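Engineer: The structure follows.
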């Protein structure tokens, strides 16, 4: 049984599914290592323009697997502290890979996104949720810290600092309706319509310029780290000039509007 499935349900769209439904797609290393590898392969596939990430069954991901963490590779001869560092590095690499994908990544949150599962969802570029979905920063519930896998960096930027403090310190569930209201997700739909809603968003993105979409994603992530508007606005301007001066995309968009047709961007 493969713990990660990669499908091409629509032209230029890849669907990556964590496939361990009996454990609600818990983040054992046997799942996360092939998941990261699958993301790396999809990122390098230039035919893929949008990536959708989801979980099989009734949950997105229940976070750490408390029964069987799986096998950590390449730890022979290491002590327990170093093994712990290697294990966190492996999981951190998954979050970094989601951020570094060439394509926009949509999390199709079909159910529980708990602990590390919430971190995975928040690390995606956008989230569309089933009305059965809920989020929980569960580290605090387990006597640990809720600040893991980048969540204390990503969540305040998604929902604001006050809401992030509330969610991470109380350990309470955030249901789909609240997630929609506070901006944690961009859309909530019925469970049976979740993937179709993701495909609809993906197909709209696919229609735009390849380089324009990739640079927009890069600019949005870069803005989180920018020290000032002045620093970031220059980066935006260089990206805009790069596309304007090296492609015919703008001219094509003008022609298409005059001819009342869909533009064909060849970058």
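The values are calculated or read from the model by the stated rules, or taken from the named source; none is laboratory data. What you see is a predicted model; the values in this text were computed from it and never measured. Using ideal geometry, Cβ is built from the backbone for each residue, glycine included, and neighbour counts are taken over all protein chains shown.
Engineer: If I filter the range 169-195 down to residues being surrounded by fewer than 18 Cβ atoms within 10 Å (Cβ to Cβ) and under 16 Å from the mean Cα position of the chain (by Cα), which single residue comes out as farthest from residue 107 (Cα to Cα)?
Structural biologist: Across the range 169-195, the extreme among qualifying residues is 183.
Engineer: Among the residues of the range 60-91, what is the count of those that are modelled with pLDDT of 85 or more, surrounded by 11 or more Cβ atoms within 10 Å (Cβ to Cβ) and not in a helix (DSSP H, G or I)?
Structural biologist: The qualifying residues number 4.
Engineer: Considering only the range 1-59, state which residues are on the phi > 0 side of the Ramachandran plot and in a strand (DSSP E or B).
Structural biologist: none
Okay, residues lined up against (1) loosely packed, with under 15 Cβ neighbours inside 10 Å; (2) within 23 Å of residue 48 (Cα to Cα); (3) in contact with a strand residue (DSSP E or B) (Cβ under 7 Å, 6 or more places away or on another chain); (4) assigned by TED's automatic domain parsing to the domain that holds residue 125:
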residue	(1), (2), (3), (4)
199	no, yes, yes, yes
220	yes, yes, no, no
226	no, no, no, no
229	yes, no, no, no
233	yes, no, no, no
243	no, yes, no, no
264	yes, yes, no, no
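Engineer: Let me ask something else. Residues in the range 112-119: is at least one within 11 Å of the chain's Cα centre (by Cα) and over 13 Å from residue 64 (Cβ atoms)?
Structural biologist: No, the range 112-119 contains no residue that is within 11 Å of the chain's Cα centre (by Cα) and over 13 Å from residue 64 (Cβ atoms).
Engineer: Another question, if that's okay. Are there any pairs, at least 6 apart or on different chains, whose C-beta atoms fall under 6 Å, with the first in the range 147-160 and modelled with pLDDT of 95 or more and the second surrounded by 20 or more Cβ atoms within 10 Å (Cβ to Cβ) and assigned to a loop (DSSP other than H, G, I, E, B), and if so, which?
Structural biologist: Short answer, once both residue conditions are applied: 158/184; 159/184.
Engineer: So which residues in the range 174-191 are in contact with a helix residue (DSSP H, G or I) (Cβ under 9 Å, 6 or more places away or on another chain) and assigned to a strand (DSSP E or B)?
Structural biologist: Within the range 174-191, 174, 187, 188, 189 qualify.
Engineer: Then there is this: Filter the range 245-262 down to residues that are within 30 Å of the chain's Cα centre (by Cα), without any contact (Cβ under 8 Å) to a residue 40 or more places away in the chain and surrounded by fewer than 11 Cβ atoms within 10 Å (Cβ to Cβ), then give me how many there are.
Structural biologist: 1
Engineer: In addition: Tally time: how many residues in the range 138-156 are farther than 17 Å from residue 88 by Cβ and surrounded by 20 or more Cβ atoms within 10 Å (Cβ to Cβ)?
Structural biologist: Total meeting the criteria: 1.
Engineer: Kindly list the number of the only condition in (1) closer than 30 Å to residue 266 by Cα; (2) in contact with a strand residue (DSSP E or B) (Cβ under 6 Å, 6 or more places away or on another chain); (3) surrounded by fewer than 21 Cβ atoms within 10 Å (Cβ to Cβ) that fails for residue 56.
Structural biologist: Among (1) closer than 30 Å to residue 266 by Cα; (2) in contact with a strand residue (DSSP E or B) (Cβ under 6 Å, 6 or more places away or on another chain); (3) surrounded by fewer than 21 Cβ atoms within 10 Å (Cβ to Cβ), residue 56 violates only (1).
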